[in-house]
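**Student:** Starting off with a structure, shown below.
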Amino acid sequence: MSMRTSLGVVRGLGSAKSGTEHFWHQRLTAIANVPLTILLVWFVISHLGSPRADVLASVRNPFVAIMLALAFLSILWHMRLGMQVVIEDYVHRAGWKLLALLLNSFYTTALGIAAFYAILKMSFGI
């Protein structure tokens, strides 16, 4: 016996089967962001006023470069997931919602590419 209404069965509306996964990704990135953001803030504060050569020397350390890359990846992924929820909840027209979701994905991808390019460039001295 199903708990769904006849209208729900006809429309095919029901569980999208991805809400829990989205919820856990949001929570996991939030947890990961705590130490990664602390590391990122510490890195920036410790290099305030330092010459460019000192910053480049720090980023050439593989551990530092990997941690910076992980910080940007986690922060941008968390941002994308959060904005997706806001868009899905508050944009009601289908066309605008699709456009906003696409722009959200493109924006975070562009920021990620720029961040990784900068880290790689500083890390390998290209």
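Since every read-out is calculated from the coordinates, none of them should be taken as a lab result. Note that this is a predicted model, so its numbers are computed, not measured. Counting neighbours? That spans all protein chains shown, and the Cβs are built from the backbone with ideal geometry, glycine included.
**Student:** Taking the Cα centre of the chain as origin, work out the dipole magnitude from +1 charges on Lys and Arg Cβ and -1 charges on Asp and Glu Cβ, in debye rounded to 20.
**Tutor:** Here the size comes out at about 280 debye.
**Student:** If you don't mind, there's one more thing I want to ask. In percent, how large is the relative contact order of the chain, given Cα pairs closer than 8 Å and 6 or more residues apart?
**Tutor:** Relative contact order comes out at 30 percent.
**Student:** Sticking with this structure for a sec: Rank Ala57, Ala65, Ala94 by mean-square fluctuation in a GNM of the chain with C-alpha springs under 10 angstrom and give only the top-ranked residue.
**Tutor:** Ala94
**Student:** Would you please calculate the Kirkwood hydrodynamic radius of the chain over all C-alpha pairs and express it in Å, rounded to one decimal?
**Tutor:** It works out to 17.5 Å.
**Student:** With springs connecting C-alpha atoms under 10 Å apart, model the chain as a Gaussian network and identify which of Thr20, Thr108, Thr29 has the largest mean-square fluctuation.
**Tutor:** Thr20
**Student:** Among Ser46, Ser6, which comes first, then next, by fewest other beta-carbon atoms within 10 Å?
**Tutor:** Ser6, Ser46
**Student:** Of Ser105, Ser58, how do they rank once you tally other Cβ atoms within 10 Å and put the fewest first?
**Tutor:** Exposure proxy ranking, most exposed first: Ser105, Ser58.
**Student:** Expected output is a single nm value to one decimal: the length gained when fully extending between Val55 and Leu98, i.e. 0.36 nm times separation in residues minus the C-alpha distance. What is it?
**Tutor:** 11.4 nm
**Student:** Also, I was wondering about something else. At most 10 other Cβ atoms within 10 Å and a DSSP loop assignment: could you name the trypsin sites (Lys or Arg not before Pro) in region 13-80 that fit?
**Tutor:** Listed in order of number, the matching sites are Lys17.
**Student:** Taking the Cα atoms only, what angle lies between the long axis of helix 94-124 and the longest principal axis of the chain, rounded to 10 degrees?
**Tutor:** Roughly 20 degrees, rounded to the nearest 10.
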